[in-house]
Amino acid sequence: MDSGAPTVARPADDARGVPIAEVSVILGVPMPTLRSWELRYGIPTLTRGSGRHRRYLPVEVHALRLMRDEIARGQQASLAAQSVREVLGIDGVAGALIHRILAASERLDAAAIRVLLDEASRTLGLMSCVDDVVMPSMRQIGVWWTVGQCDFDQERLTTEAIRGWLDRRSAFAPPPVRPQPILLACGPSDLHTIGLEAMAMVLREDGWACRVLGARTPTLTLAAATVATAALAVVVVSHLSTGRIRAIASMDAVRHLHVPVFYAGNAFTATRSRRGVPGTYLGSRIGGACELIAGALDGGRAKDLVLS
């Protein structure tokens, strides 16, 4: 579930820039490919004098990460570059809110982050707040952490501020109209839960009962919870390609219990990575994923999803 936003521009020769060799390791993309993306498609756009070595600022690393992920989804490089430029061009209210949240993160101001998320929800609506503000902000913090622009305290404070906001919204959601819950779990190898928590919050606002099982949910635990709660459906998210096989095993276990299973995450962005996977792919946006789940279950297609 991917989108992103630019950070405040800094000088191209800033000492905090990351050498191309290091970026290649961080992203798992060969250096010649990175050079090709810059020269052929302008991703990223760098400002430097002639003869300078390539050093990438966090916003530029983020652009390259988006380019890599778009190509992994099966996009042609030219179309991927166009998509990246559109994503990085987030402006207007959403772009301004992202910048203000990132500035509050740099100040370690958790209260300000929560206030800004309330403003985003009021102004943009809940789904757009999640997809166009919450998740891009979190991904930018992740980029900063990866390239060393923020420390553990900033990353943790920002994560917990956003998690606290999601928890508060969930606590005030209307009572569920169905007793059976939708279970949401990370694959057995995956740690990051913010996307799952955001999805659960959106579903709860729409009257669905949800239980988030959390990080690194073992297959046996997921299967047992599915039976114990008489789950209406199960969502499994996996971002690590190395954890894809274990996540698929979890989905397969749920399908053998005759319960509809949905899945998402970076491990499944490429079309080829979804071949033969036992479930319904949710795409990259949380709002769209929640609408797909609700439509499938409300539309009485749960039995078809189990049997398909």
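Readers should treat all values here as calculations from the given coordinates under stated rules, not as data from a laboratory. Predicted model, so just to flag it, every value in this text is computed and none were measured. Cβ sites come from the backbone with ideal geometry, for glycine too, and all protein chains shown count toward neighbours.
Where does region 206-308 land on the Kirkwood hydrodynamic radius, alpha-carbon pairs, in angstrom? Could the numbers behind the result be given before it?
Values: mean 1/r = 0.0724 Å⁻¹.
Value: 13.8 Å, from the Cα pair sum.
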Seminar exercise, completed: Checked region 152-273 against the a/c 1.5 cut and the a/b vs b/c comparison, axes a ≥ b ≥ c from its Cα gyration tensor; verdict oblate
Exercise. In nm, what is the difference between 0.36 nm times the number of residues separating M31 and R163 and their Cα-Cα distance?
Worked result: 43.9 nm
Exercise. Once a ≥ b ≥ c are taken as the square roots of the eigenvalues of the Cα gyration tensor of region 107-147, is the result rounded (a/c under 1.5), prolate (a/b larger than b/c) or oblate (a/b not larger than b/c)?
Worked result: oblate
Seminar exercise, completed: Tilt, helix 135-147 to longest principal axis of the chain (alpha-carbon atoms), in degrees rounded to tens, equals 50 degrees
Exercise. Which option, (i) 150; (ii) 129; (iii) 140, is the value of volume of the Cα convex hull per residue in Å³ that was calculated from these coordinates?
Worked result: (ii)
For this session: Please tell me the relative contact order of the chain in percent, rounded to the nearest whole number, where contacts are Cα pairs under 8 Å and at least six residues apart.
Result: 16 percent
Problem set entry | Nearest 10 degrees, 0 to 90: helix 77-88 Cα axis against the chain principal axis | 90 degrees
Seminar exercise, completed: Note: Q82 to R122 extended length (0.36 nm per residue) minus current alpha-carbon separation gives 11.4 nm
For this session: Per DSSP H run of at least 4 residues, take -39500 (n - 2.57); add these up for the chain, divide by its residues and hand me the 222 nm value, nearest 500 deg cm²/dmol.
Result: -16500 deg cm²/dmol
For this session: May I ask you to order 138-145, 30-37, 262-269 by the average number of other C-beta atoms within 10 Å around their residues, highest value first?
Result: 262-269, 138-145, 30-37
Problem set entry | Relative contact order (%) - criterion: Cα under 8 Å, at least six apart; region: region 208-288 | 28 percent
